[in-house]
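First up is the structure itself, then whatever we jot down about it.
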Amino acid sequence: QVQLVESGGGLVQAGDSLRLSCAASGHTFSSYAMGWFRQAPGKEREFVARINRSGTITNYADSVKGRFTVSRDNAKNMVYLQMNSLKPEDAAVYYCAATLNTIVGRSTTQYEYWGQGTQVTVSS
């Protein structure tokens with residue numbers, strides 16, 4: 001089992017950058033594929049980005065491709081989401097998620113473990 005704690009959210013202006021961090025407990029962090037999701041008020045939780053166990057393969061939602069970068073440091077049990085050129089529509093609670101599943105897609109149902117979320121607010 002893994003526990004996840006996100007940090008790094010805040011209030012920024014459109015065009016600014018933020019880096020979210022997700023700290024994972026446990027000594028088997030490298031066994032988990034990781035994902036970032038977000039949920040805006042009144043909307044369903046949606047996929048943002050994912051990264052495989054070794055950090056060599058990443059995948060992004062079309063809405064963030066070219067602006068967001070997901071990375072991980074298995075030695076530190078950390079996963080990151082670098083968010084550049086933020087837009088007001090990026091505002092949401094951002095969640096870190098982990099899965100032991102071998103085949104990982106973009107669905108929330110494929111991830112077993114979730115953090116509590118961190119709020120990102122983007123003013124125009």
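Throughout, read-outs are computed from the coordinates displayed, never taken from laboratory work. Just so it is clear, the structure is predicted and the values come from calculations on it, not from any experiment. Glycine gets a Cβ as well: all are built from the backbone with ideal geometry, and neighbour counts include every protein chain shown.
Once the other residues with Cβ under 13 Å from the Cβ of ALA33 are scored (Lys, Arg +1; Asp, Glu -1), what is the net sum?
Numbers: positive: ARG50, ARG53, ARG72, ARG106; negative: GLU112.
For residues surrounding ALA33, the net value is +3.
What is the extension gain from THR28 to GLN1, computed as 0.36 nm multiplied by their sequence separation minus the C-alpha to C-alpha distance, in nm to one decimal? Could the numbers behind the result be given before it?
Working: separation 27, 0.36 × 27 = 9.72 nm, distance 0.88 nm.
Taking 0.36 nm per residue and subtracting the Cα distance, the gain is 8.8 nm.
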> In whole Å, what is the distance between the alpha-carbon centres of region 4-55 and region 66-124?
Replying inline: 2 Å
>> As I understand it, the dipole of the chain uses +1 on the Cβ of Lys and Arg and -1 on the Cβ of Asp and Glu, about the Cα centre. Which of PRO41, ALA92, VAL5 lies farthest toward its positive end?
In response: VAL5
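Which peptide among 36-45, 56-65 comes first, and what is the full order, when sorted by highest mean count of other Cβ atoms within 10 Å?
On the way: 36-45: 15.0, 56-65: 13.4.
Answer by packing, highest mean first, reads 36-45, 56-65.
Please tell me the relative contact order of the chain in percent, rounded to the nearest whole number, where contacts are Cα pairs under 8 Å and at least six residues apart.
Numbers: 301 pairs, mean separation 43.9, N = 124.
Computed over the chain, the figure is 35 percent.
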